[in-house]
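Can you keep this structure in mind? I'll have questions shortly.
The values are calculated or read from the model by the stated rules, or taken from the named source; none is laboratory data. As the structure is a prediction and not an experimental result, all values here were calculated from the model. With ideal geometry, Cβ positions are generated from the backbone for all residues, glycine too; neighbour counts draw on all protein chains shown.
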Amino acid sequence: MSPDQKFEDEIYPEGAVVDGNALKKNVDEEFDFVVVGSGAGGAVAAHTLAKAGYSVAIVEEGNWVKTKDFTEDISETFKNLMRDEGAQALEGRSFIPLVQGKCVGGSTVINSAIAWRTPDDVLDDWRERFGIGDVLNAKSLDAHFSALEKELHVHPVNEDVLGQNNGRFLDEAERRGWNAHPMKRYDHGCKGSGRCLQGCPNGAKQGMNITYVPWALQTGRARVFTGCRVLHAIVRGGRAVGVFAKAKNASVELRARLGVIIAASTIQTPNILRRSGVRSDALGRHFQSHPGVAACAQFDERVDMHFGATQGAESPQFRKSKRFKLETISMPPAIAAARIPGVGAELVERLAHLANTAVWAVQVRMKAEGRITQTLFGRDKVAYTPLEEDVKSAREALHLICEMFFAAGAREVYPGVYGVPSVITSPDELDLLANAPVDPRCYSFVATHLFGAARMGVDPRTSVIGTDFSTHDVKDLYVVDSSLFPTNMGVNPQHSIMGIARLAATTIAEAKSADKPHSKSSTRAKAQAA
Amino acid sequence: MNLTEFELRNVEAAARAVFPKNAHPELTTGAEDLDVRGYFKDVVARSNLRIAAALRLTILFCAFGPFLAERKLETLASQDDKQREETMKLVIASPIYAVRQLVLLLKVHLAMIVGADPVARKVMLPTPVPYSRTKKLLGDANAISGEQPLVKSLVKGARRDVA
């Protein structure tokens, strides 16, 4: 990119971004809609509504870190882009690190941009068990998925940025006759930097920070308030009429003529709803996840996992039969160094050969359900413990991965399971892994895919959100993130979140069209006119 | 919240045990080349109470690692290099879950310090070798067993039915 060229996250009208950290006095403004959260759900909803002619305020708790400021230093990523600097955890029998973005674009800034449509078997299950098939079905979502795939350049990882970590996985999976392929991603010019998890420095990964958020602002009908934490919706007469947020030195009250849309993620949304007066029995319950776990291996020859798509290959071979999906993942040196066994000279020796190291992983569609509450100090808390059968799935998947590594020629494999040698050098030792303890504390799980806790359904006794995307309790208080998903899915959720958000926003826009005010009636427009 | 001198001395000792200098002819950078104290002072000072407390507890686990692991009444900082390395190996593999998890957290932080060093990165992330999966498959026909013709794996969108 030439020095004069700008990334999309630098192109928006003046005044469209309000930095909460710089506010010196309180804010009180009015819009048609207020959208809480600028991640996959919020950004798409805001853009859809703005394009439909409505004025929209996007409220984002994190800051807007621009593409030009992304660094390869993972500690900067933790500090500037992640909630709690990456120190969150699901709390139960074990503590499972929980990774969420807290910045404009949300987790789409720090994820691997993998696109999977909602599987048909999941939609069928939601129809049969939760009665929401009339709203969420393949047909209703198809046009939205197609539009997103076009706008965000979804396509399989190109050969020139596949990289060996991904390529070797595909070689071995195909050799076994499995269903395996390069991943489909939101990618517009990937250069294989391997820095998806730290924010793409090339503007190739199509996160919300360089797509739907700036695009919404470019309509002239949307503004984003960054560094502002929404405490609750303002509810009057049983109807959501705005939100109350806190910035560093000011309070921010944003009034909504037509509705408040919460897309603050599965962890934050339930507590915002709770603080807004939503009292459904199901609120905070039925939290689900896809905790993932990885194994590493060292080869005699170079693997160069630092080049290529961070996550570029997958096998859904066992998604239905065993509830897990195998994937590749490239770890930045700092994360890999923590994951590779050893201390002292032994560790340094392995790090010196980091370029010969591969990392393959599994995401498990766990059956366990957790609960989201808040502490007395207002901190979001997630209680969650994998079931024994979930841990057995993870163990079986790890066993498969380690077997694949040896078959692919690895000379050392690091299963990462307590109770099993941290380094195994022969397939004969895999029995130890097959019989590893079924205790979640023995596995290095990480949770990134989050679902439920404000699930959609037709029965207000067992759900929080109705089929109009509004809470059963409070009118015009909508949810468009993965907290409305009745279950987890076994595949990466971003595309489903965006597709459902687009469907929801379109539905809401149509429903409100009879009440639609003048198309440019944002406060800023009025001020400009004055 | 600020770390005490005792804590700083012991986190430095832990860092040197985990990432010693000159442990490999190519990867010579070690913790003593890096500002471990400055890093942890900064992290603890800007973290919220919960995270800062967890880090401090971790540092204390390391500081009293000799007692935790081997019932020795000494601190990590007072041990020599060889003893420290042995102690950290035992602490990282502790049967006590809380100790194991927190010390792993410390290893992550230490790895971030080393991982950010440009000299270390150059060794860990060398210029990638050219790679083309298509060429590899075409040029290495004997590497894959005779179960399937090579050409199938080159067909875009080739799928096998899910079991």
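Report yes if some residue within the range A:91-98 is over 30 Å from A:T507 (Cα atoms), more than 9 Å from chain B (Cβ to nearest Cβ) and among the β-branched types (V, I, T); otherwise report no.
The answer is yes; a qualifying residue exists.
Only residues that are part of a strand (DSSP E or B), over 19 Å from A:G416 (Cα atoms) and not aromatic (F, W, Y): list them for the range A:285-310, please.
Result: A:Q288, A:S289.
What is the one condition in (1) under 13 Å from A:L136 (Cα atoms); (2) in contact with a Ser or Thr (Cβ under 6 Å, 6 or more places away or on another chain); (3) buried (at least 24 other Cβ atoms within 10 Å of the Cβ) that A:A454 does not satisfy?
(1) is the only condition that A:A454 fails.
Moving on to the next point. Tell me which of these A:Q88 doesn't satisfy, since it passes every other one: (1) within 27 Å of A:V17 (Cβ to Cβ); (2) more than 10 Å from every other protein chain (Cβ to nearest Cβ).
Evaluating A:Q88 over (1) within 27 Å of A:V17 (Cβ to Cβ); (2) more than 10 Å from every other protein chain (Cβ to nearest Cβ) leaves (2) as the failure.
Right, here's the next one. Of the conditions (1) under 20 Å from the mean Cα position of the chain (by Cα); (2) surrounded by fewer than 23 Cβ atoms within 10 Å (Cβ to Cβ), A:T211 satisfies every one except a single condition; which number is it?
(2)
Which pairs turn up if I take residues in the range B:45-57 that are farther than 18 Å from B:A14 by Cβ and more than 9 Å from every other protein chain (Cβ to nearest Cβ) and look for partners that are among the polar types (S, T, N, Q) and surrounded by fewer than 18 Cβ atoms within 10 Å (Cβ to Cβ) with beta carbon separation below 8 Å, at least 6 apart in sequence or on another chain?
Partner pairs satisfying both residue conditions: B:A45/B:N2.
Sort out which residues of the range A:152-167 are at negative phi, buried (at least 17 other Cβ atoms within 10 Å of the Cβ) and either among the polar types (S, T, N, Q) or in a helix (DSSP H, G or I) (or both), and write them in order of number.
A:V161, A:Q164, A:N165, A:N166, A:G167
If you go through the range B:121-135, how many residues are more than 13 Å from the chain's Cα centre (by Cα) and either surrounded by 19 or more Cβ atoms within 10 Å (Cβ to Cβ) or facing chain A (nearest Cβ under 7 Å) (or both)?
Of the residues in the range B:121-135, 10 are more than 13 Å from the chain's Cα centre (by Cα) and either surrounded by 19 or more Cβ atoms within 10 Å (Cβ to Cβ) or facing chain A (nearest Cβ under 7 Å) (or both).
Among the helices (runs of 4 or more DSSP H) confined wholly to the range B:1-106, which include 3 or more residues that are among the acidic types (D, E) and at pLDDT 90 or above?
B:5-18, B:81-92
Another question about this same structure. If we keep just the residues of the range A:321-340 that are over 22 Å from the mean Cα position of the chain (by Cα) and modelled with pLDDT of 95 or more, which is surrounded by the most Cβ atoms within 10 Å (Cβ to Cβ)?
Here the answer is A:K322.
Filter the range A:297-320 for residues that are closer than 17 Å to B:P130 by Cβ, surrounded by 20 or more Cβ atoms within 10 Å (Cβ to Cβ) and at the interface with chain B (Cβ under 10 Å from one of its Cβ atoms) and give the result.
A:V303, A:D304, A:M305, A:H306, A:F307, A:G308
Let me ask something else. Failed condition for A:L90, given (1) under 17 Å from A:T226 (Cα atoms); (2) part of a strand (DSSP E or B), with all others met?
(1)
Output the strands (runs of 3 or more DSSP E) that fall wholly within the range A:1-80 and possess 2 or more residues being within 22 Å of the chain's Cα centre (by Cα) and modelled with pLDDT of 95 or more, or say none.
Ranges flagged: A:27-36, A:56-59.
If A:R195 passes every condition in (1) surrounded by fewer than 24 Cβ atoms within 10 Å (Cβ to Cβ); (2) over 26 Å from A:K102 (Cβ atoms) but one, which one does it miss?
Status for A:R195: all satisfied but (2).
Can you go through A:E346, A:E369, A:E396 and tell me which one is within 14 Å of chain B (Cβ to nearest Cβ), of a type in the set (D, E) and in contact with a Phe, Trp or Tyr (Cβ under 8 Å, 6 or more places away or on another chain)?
Every option except A:E396 fails the conditions.
Looking at A:R255, A:R274, A:R279, A:R223 in this structure, which one is in a helix (DSSP H, G or I) and either in contact (Cβ under 8 Å) with a residue 12 or more places away in the chain or out of contact with any Ser or Thr (no Cβ under 8 Å at 6 or more places or on another chain) (or both)?
A:R274
Looking at (1) over 23 Å from A:I500 (Cα atoms); (2) within 14 Å of chain B (Cβ to nearest Cβ), find the lone condition where A:C200 falls short.
Looking at each condition in turn, A:C200 falls short on (2).
Sticking with this one: Name the one entry in A:L141, A:L170, A:L148 that is in a helix (DSSP H, G or I) and either farther than 25 Å from A:G42 by Cβ or without any contact (Cβ under 8 Å) to a residue 24 or more places away in the chain (or both).
After applying the criteria, what remains is A:L170.
Please work out which one of (1) facing chain A (nearest Cβ under 7 Å); (2) under 22 Å from A:V446 (Cα atoms); (3) not hydrophobic (A, V, I, L, M, F, W, C) is the condition B:P95 fails and give its number.
B:P95 satisfies every listed condition except (1).
Within the set of pairs 6 or more residues apart or between chains, which connect a residue that is of a type in the set (S, T, Y) inside the range A:352-376 to a residue that is assigned to a helix (DSSP H, G or I) with Cβ atoms less than 8 Å apart?
Between residues of the range A:352-376 that are of a type in the set (S, T, Y) and residues that are assigned to a helix (DSSP H, G or I), the close pairs are A:T357/A:A336; A:T357/A:R350; A:T373/A:N271.
Identify the residue in the range A:417-445 that is small (G, A, S), away from chain B (no Cβ under 12 Å) and in a loop (DSSP other than H, G, I, E, B) and, among all such residues, is nearest to A:L387 (Cα to Cα).
A:A436
While we're looking at this one, here's another question. Identify the residue in the range A:405-416 that is among the hydrophobic types (A, V, I, L, M, F, W, C) and more than 14 Å from every other protein chain (Cβ to nearest Cβ) and, among all such residues, is surrounded by the most Cβ atoms within 10 Å (Cβ to Cβ).
A:F405
Considering only the range A:341-380, how many residues are part of a loop (DSSP other than H, G, I, E, B) and either more than 28 Å from the chain's Cα centre (by Cα) or within 22 Å of A:G409 (Cα to Cα) (or both)?
5
Does A:H144 satisfy being surrounded by fewer than 23 Cβ atoms within 10 Å (Cβ to Cβ) and on the phi > 0 side of the Ramachandran plot?
no
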